[in-house]
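K.L.:
Structure below; questions to follow.
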Amino acid sequence: MSSQLQKLNTLGQSYSYPCVYPVAPILHITPHITAKADSGATSHYLKSEHIPSLTNVTPLFHCLSAMLPNNTTITATNQETLPFAAALSHKAKKALIFPGLSNESLLSIGQFCDDNCTAIFTKESVFILKQGALLIHGKQNTTDGLWDIRLPSPVQQKLL
């Protein structure tokens, strides 16, 4: 590891900080959010329990509802701009937060594809590319068979 500069690479985003301290810095890493890649979701849907781990949460001033597979309707209370690569448009990174969503947070593959991305699913992984560049990568969850994508979280450095 370089004594001058260390880089933490998270899904195409680099966070740099100097490493010239006599004592190693303590990093506070916001807990990661894992969401399911969903080809049927019309938008990105996040559970409200993720709000403490998000950085761009804003309240919604109009009702946006979604119908769940069991025919119940839930209403979004907030929105978030997901911290994905800058190559994605603001619209492609917009997520809705639903207090009534209890199972898993969902990432809309269609919302990425509407932003000129290509989604490739394999037995073990999912890849979201834009103009040939890899923006998002996820792994298949062997328990439920769905593809998990970890949202990048901001890294903050705290000195001793």
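K.L.:
Would you check if there is a residue in the range 120-135 being more than 22 Å from His50 (Cα to Cα) and in contact with a Ser or Thr (Cβ under 7 Å, 6 or more places away or on another chain)?
P.N.:
yes
K.L.:
Still on this structure: State which residue is modelled with the highest pLDDT when the search covers only the range 61-74 and only residues that are assigned to a loop (DSSP other than H, G, I, E, B) and open to solvent by less than 80 Å² (accessible area, probe 1.4 Å). Talk me through it step by step, then tell me what you get.
P.N.:
At the first step, the residues of the range 61-74 found to be assigned to a loop (DSSP other than H, G, I, E, B) are 68-72.
Okay, now just the ones that are also open to solvent by less than 80 Å² (accessible area, probe 1.4 Å), so 68, 72.
Numbers: Leu68: 79, Thr72: 87.
Across the range 61-74, the extreme among qualifying residues is Thr72.
K.L.:
Test each condition in (1) charged (D, E, K, R); (2) open to solvent by less than 60 Å² (accessible area, probe 1.4 Å); (3) more than 15 Å from Ser39 (Cα to Cα) for Asp144 and report the one that comes out false.
P.N.:
(2)
K.L.:
Return the residues of the range 86-100 that are over 13 Å from Ile51 (Cα atoms), touching a helix residue (DSSP H, G or I) at 6+ places or on another chain (Cβ under 9 Å) and hydrophobic (A, V, I, L, M, F, W, C); say none if nothing qualifies.
P.N.:
Leu88, Ala92
K.L.:
Applying the selection to the range 90-141, what residues are open to solvent by less than 40 Å² (accessible area, probe 1.4 Å) and hydroxyl-bearing (Ser, Thr, Tyr)?
P.N.:
If the condition is that a residue be open to solvent by less than 40 Å² (accessible area, probe 1.4 Å) and hydroxyl-bearing (Ser, Thr, Tyr), then Ser105, Ser108, Ser125 are the ones that fit.
K.L.:
Next up: Six or more apart or on different chains, Cβ atoms under 8 Å: show the pairs whose first residue is in the range 42-55 and without any contact (Cβ under 8 Å) to a residue 24 or more places away in the chain and whose second is in a loop (DSSP other than H, G, I, E, B).
P.N.:
So the pair list comes out empty.
K.L.:
Kindly list, by first and then second residue, each pair from a residue in the range 68-89 that is touching a residue at least 60 places away in the same chain (Cβ under 8 Å) and at negative phi to a residue that is among the β-branched types (Val, Ile, Thr) and outside any loop (DSSP other than H, G, I, E, B), limited to pairs with Cβ atoms under 8 Å and residues at least 6 apart or on different chains.
P.N.:
Phe84/Ile136; Ala85/Ile136
K.L.:
Same structure, new question: Quick one: in the range 44-60, which of the residues that are assigned to a loop (DSSP other than H, G, I, E, B) and open to solvent by 30 Å² or more (accessible area, probe 1.4 Å) is modelled with the lowest pLDDT?
P.N.:
Once the filter is applied, the top-ranked residue is Thr55.
K.L.:
Is at least one residue of the range 20-43 open to solvent by less than 70 Å² (accessible area, probe 1.4 Å), modelled with pLDDT of 50 or more, farther than 22 Å from Ile128 by Cβ and not in a strand (DSSP E or B)?
P.N.:
There is no residue in the range 20-43 that is open to solvent by less than 70 Å² (accessible area, probe 1.4 Å), modelled with pLDDT of 50 or more, farther than 22 Å from Ile128 by Cβ and not in a strand (DSSP E or B).
K.L.:
Which one of these does Pro83 not meet: (1) surrounded by 15 or more Cβ atoms within 10 Å (Cβ to Cβ); (2) in contact with a Leu (Cβ under 9 Å, 6 or more places away or on another chain); (3) modelled with pLDDT of 85 or more?
P.N.:
(3)
The values are calculated or read from the model by the stated rules, or taken from the named source; none is laboratory data. A quick note: this is a predicted structure, and the numbers were derived from the prediction, not measured. Neighbour counts are summed over all protein chains in view; Cβ atoms, including those assigned to glycine, are modelled from backbone coordinates with ideal geometry. When the accessible area is computed, the model is the full protein with side chains, heavy atoms only, and any ligands, DNA or RNA have been set aside. Shrake-Rupley method; radii C 1.70, N 1.55, O 1.52, S 1.80 Å.
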